[in-house]
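Report on one structure; see the data block that follows.
The values are calculated or read from the model by the stated rules, or taken from the named source; none is laboratory data. The model shown is predicted, which means the values in this text are computed figures rather than measured ones. Positions of Cβ are generated from backbone atoms using ideal geometry, with glycine treated the same way; all protein chains shown enter the neighbour counts. The protein model used for the area step is the full one, side chains on, heavy atoms only, and it has no ligands, DNA or RNA in it. Shrake-Rupley method; radii C 1.70, N 1.55, O 1.52, S 1.80 Å.
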Amino acid sequence: MTNSHEWDRWLKDARAYLEDAEATLDIERWRTVVINAQLCIELTAKAIISCFEETKWSHSPGKQLKEILDRHVQVISERAGQEMASEIERLTTDADIVSVWHGKATYGEWDKDKKQRTPSIDLCTEDKARWLIEIARRSLTTADDFIKEWSEASRQEG
Amino acid sequence: MNLSSSGKMDPPEPTIESVSAALEALGPLLVDTEGVGIVGSLARGNLRPRSDIDILVVEKEDAGHDSSFWHGTIRECLRRFDRDVSVLVFTIPVLKKVPDWNTLGLAADAIMVHDEGKVAPVLKRIVDKAHSVGLRRDYSDRWPVFKMNRPLKFGEIIKVELEHDE
């Protein structure tokens, strides 16, 4: 196991999920956009986490990423810039906010009075799809940019 | 086992003992393995009502089974527990490569039910190697993860792998 192989594979899969989301946006398959966008966001957070430690088996990696950021904020700001640290902080929040869509896009959701479930296909509207894919695009950019900096630093050290 | 309100028998609660007994009943099939063990939340003692049962199979290199064989066999022998079952299949050389971060957790958690003598020492050496590079098992939001016992340098490479003869 090397952390370099781990961040590579998470990032590769994140990129592929975004590509799938973009492809299904064009044909207006909103639920498929939601599913793929949420997974892109989740995996971009895990790509950054895996530079530092083992990722939790969770669809909600924001808290683990936040713990890492808090522990390493100084070195990240110094080496990758304050803006990068802010973008990672944003990803910690985004990843947790969108994590509920993993379940909703799969199983639907109970109505407020818990009398029946709204099917996932009805929950995953165009608005939700466009909102999630926007977050996915910026999450992938954040992970790409951070891992580029991290990899470059690895090469210089090695 | 108890009767549910529908009159059907409730499935038995998976325990280390009951799952071990079910795995041991595989009998002659175990000859094709270096070892079989329980991993995941059952091994750690925090199995929840909807948790999977996670099983490690370390297959002999010349066993000749395809990838679906152990998944189907283990799921069938644990069917009475009425739980999702995850089966992780390795050989000794693949285990020594430590394919990903999660293999460290598997090595730390495994309770071997059947072991021809090679698996437990390899799992221990994997954990020892992790410790030797500065990794420790810690908890992130009550979830066990391997992490460094100090802040990382920017760009630091972490490598855990056993040599062929380790």
Exercise. Identify, please: which residue in the range B:110-141 is small (Gly, Ala, Ser) and assigned to a loop (DSSP other than H, G, I, E, B) and is, among those, nearest to the other protein chains (Cβ to nearest Cβ)?
Worked result: B:Gly134
Problem set entry | Members of the range A:27-50 found to be among the acidic types (Asp, Glu) and in a helix (DSSP H, G or I), listed by number | A:Glu42
Exercise. What is the number of the single condition among (1) of a type in the set (Ser, Thr, Tyr); (2) assigned to a helix (DSSP H, G or I); (3) open to solvent by less than 30 Å² (accessible area, probe 1.4 Å); (4) more than 20 Å from A:Arg137 (Cβ to Cβ) that A:Thr24 does not meet?
Worked result: (4)
Exercise. Across the range B:142-152, what is the number of residues that are more than 21 Å from A:Trp57 (Cα to Cα) and facing chain A (nearest Cβ under 7 Å)?
Worked result: 2
Problem set entry | Candidate set from the range A:80-99 (those that are open to solvent by less than 80 Å² (accessible area, probe 1.4 Å) and β-branched (Val, Ile, Thr)); member that is farthest from A:Leu65 (Cα to Cα) | A:Val98
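So which residues in the range A:1-17 are open to solvent by less than 20 Å² (accessible area, probe 1.4 Å) and assigned to a helix (DSSP H, G or I), if there are any at all? Steps first, answer last, please.
Start the filter on the range A:1-17 by keeping residues that are open to solvent by less than 20 Å² (accessible area, probe 1.4 Å), which leaves A:1, A:3, A:6-7, A:11, A:14.
Matches in the range A:1-17: A:Asn3, A:Glu6, A:Trp7, A:Leu11, A:Ala14.
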Exercise. Does at least one position in the range A:110-127 carry a residue that is over 16 Å from the mean Cα position of the chain (by Cα), closer than 23 Å to A:Ala45 by Cβ, in contact (Cβ under 8 Å) with a residue 24 or more places away in the chain and within 14 Å of chain B (Cβ to nearest Cβ)?
Worked result: no
Exercise. So A:Ser77 clears everything in (1) surrounded by fewer than 21 Cβ atoms within 10 Å (Cβ to Cβ); (2) closer than 28 Å to B:Gly40 by Cα; (3) small (Gly, Ala, Ser) except one condition, right? Which one?
Worked result: (2)
Exercise. Is it the case that A:Lys66 is modelled with pLDDT of 95 or more, open to solvent by 40 Å² or more (accessible area, probe 1.4 Å) and charged (D, E, K, R)?
Worked result: yes
Problem set entry | Pair list, Cβ < 7 Å and 6+ apart or interchain, from the range B:81-104 residues that are away from chain A (no Cβ under 14 Å) to residues that are basic (Lys, Arg) and assigned to a loop (DSSP other than H, G, I, E, B) | B:Ile92/B:Lys118
Problem set entry | Lone qualifier among A:Ala23, A:Ala16 - being out of contact with any helix residue (DSSP H, G or I) (no Cβ under 6 Å at 6 or more places or on another chain), closer than 29 Å to B:Lys159 by Cα and away from chain B (no Cβ under 14 Å) | A:Ala16
For this session: Return a yes/no flag: does the range A:87-103 have any residue that is part of a helix (DSSP H, G or I), modelled with pLDDT of 95 or more and within 27 Å of B:Lys129 (Cα to Cα).
Result: no
For this session: Within the range A:57-66, identify whether any single residue is closer than 19 Å to A:His5 by Cα, in a helix (DSSP H, G or I) and either free of Cβ contacts under 8 Å to residues at least 40 places away in the same chain or touching a helix residue (DSSP H, G or I) at 6+ places or on another chain (Cβ under 9 Å) (or both), and answer yes or no.
Result: yes
Problem set entry | So A:Thr106, is it more than 14 Å from every other protein chain (Cβ to nearest Cβ) and surrounded by fewer than 23 Cβ atoms within 10 Å (Cβ to Cβ) | yes
